[in-house]
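Visitor: Let me begin by handing over the structure; questions about it come next.
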Amino acid sequence: MRLLKRYTMIGILFVLVAGTLAHFLYDWTGRNPVAGLFAPVSESIWEHMKLVFFPSVLYSLVMIVRFRGDFPCIVPSLGFGILIGTLLVPVFYYAYTFVLGRDFFVLDIADFFLSTLVAFLLAYRLTLSCRLKGCAPLLWGLVGVLLACFMVFTYHPPDGAIFAAPGGQSSSSAPPKTERTC
């Protein structure tokens, strides 16, 4: 159990570092369309969900390979953590901007940090409690649906506030970055 806790803490740090670096990846690669599938191509909330999603998926696969034999409930628990962490990004963002009337850089960073923390701590506790036993196909199916949505909506976003950069700018076709950052 100590090793699982250690891997969980490393996972939190990994996602925070990898997500922070991913924030700049698209620009660092000269706006490479392939990089844009995994890193934000705009300042929209949707694109910033990638900062939690992709590093969490990557690290979760490492944890599954390492711990599946010792903790049989780790597979659904990590799937749940990925979904919750990713979905908390817009929940926290819209909650605090509703209350305060605008976004703040420091709170955007806190949103990313808190979403990552909740994702991994929930996954850890659910792994130990085995409450999601038998739910792995459903949860990882939803992770797959979210992955497909990221792939399609990166360059062909539907209309909706979550797909527009703050201030109403559309995020289609990889627009220039605006001032909102994570």
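Visitor: Residue check: is residue 80 buried (at least 16 other Cβ atoms within 10 Å of the Cβ), touching a Cys at 6+ places or on another chain (Cβ under 9 Å), under 21 Å from residue 14 (Cα atoms) and of a type outside the set (D, E, K, R)? Spell out the reasoning first.
Guide: On the way: buried (at least 16 other Cβ atoms within 10 Å of the Cβ): yes; touching a Cys at 6+ places or on another chain (Cβ under 9 Å): yes; under 21 Å from residue 14 (Cα atoms): yes; of a type outside the set (D, E, K, R): yes.
In short, yes.
Visitor: Turning to a different aspect of this structure: Any chance you could count how many residues in region 1-15 are surrounded by 14 or more Cβ atoms within 10 Å (Cβ to Cβ) and either of a type in the set (Gly, Ala, Ser) or over 18 Å from residue 71 (Cα atoms) (or both)? Give the steps one after another, and end with the answer.
Guide: Narrowing region 1-15 to residues surrounded by 14 or more Cβ atoms within 10 Å (Cβ to Cβ): 4, 7-8, 10-12, 14-15.
Of the ones still in play, those that are also either of a type in the set (Gly, Ala, Ser) or over 18 Å from residue 71 (Cα atoms) (or both) are 11-12, 14-15.
Looking only at that region, the number is 4.
Visitor: Looking only at region 39-59, filter to residues that are without any contact (Cβ under 8 Å) to a residue 60 or more places away in the chain and over 22 Å from residue 94 (Cα atoms); which one of those is surrounded by the fewest Cβ atoms within 10 Å (Cβ to Cβ)?
Guide: 58
Visitor: Something else now. Tell me whether region 124-136 contains one or more residues that are exposed (fewer than 12 other Cβ atoms within 10 Å of the Cβ) and either touching a residue at least 24 places away in the same chain (Cβ under 8 Å) or assigned to a helix (DSSP H, G or I) (or both). If you could, list the steps in order and put the result at the bottom.
Guide: Of region 124-136, the ones exposed (fewer than 12 other Cβ atoms within 10 Å of the Cβ) are 129, 134.
If we keep only those that are either touching a residue at least 24 places away in the same chain (Cβ under 8 Å) or assigned to a helix (DSSP H, G or I) (or both) too, we end up with 129, 134.
There is at least one residue in region 124-136 that is exposed (fewer than 12 other Cβ atoms within 10 Å of the Cβ) and either touching a residue at least 24 places away in the same chain (Cβ under 8 Å) or assigned to a helix (DSSP H, G or I) (or both).
None of the figures in this text is laboratory data; all of them are computed from the coordinates on show. If you're wondering where the values come from, they're calculated on a predicted model, not measured in any experiment. Here Cβ is always computed from backbone atoms with ideal geometry, including for glycine, and neighbour counts include all displayed protein chains.
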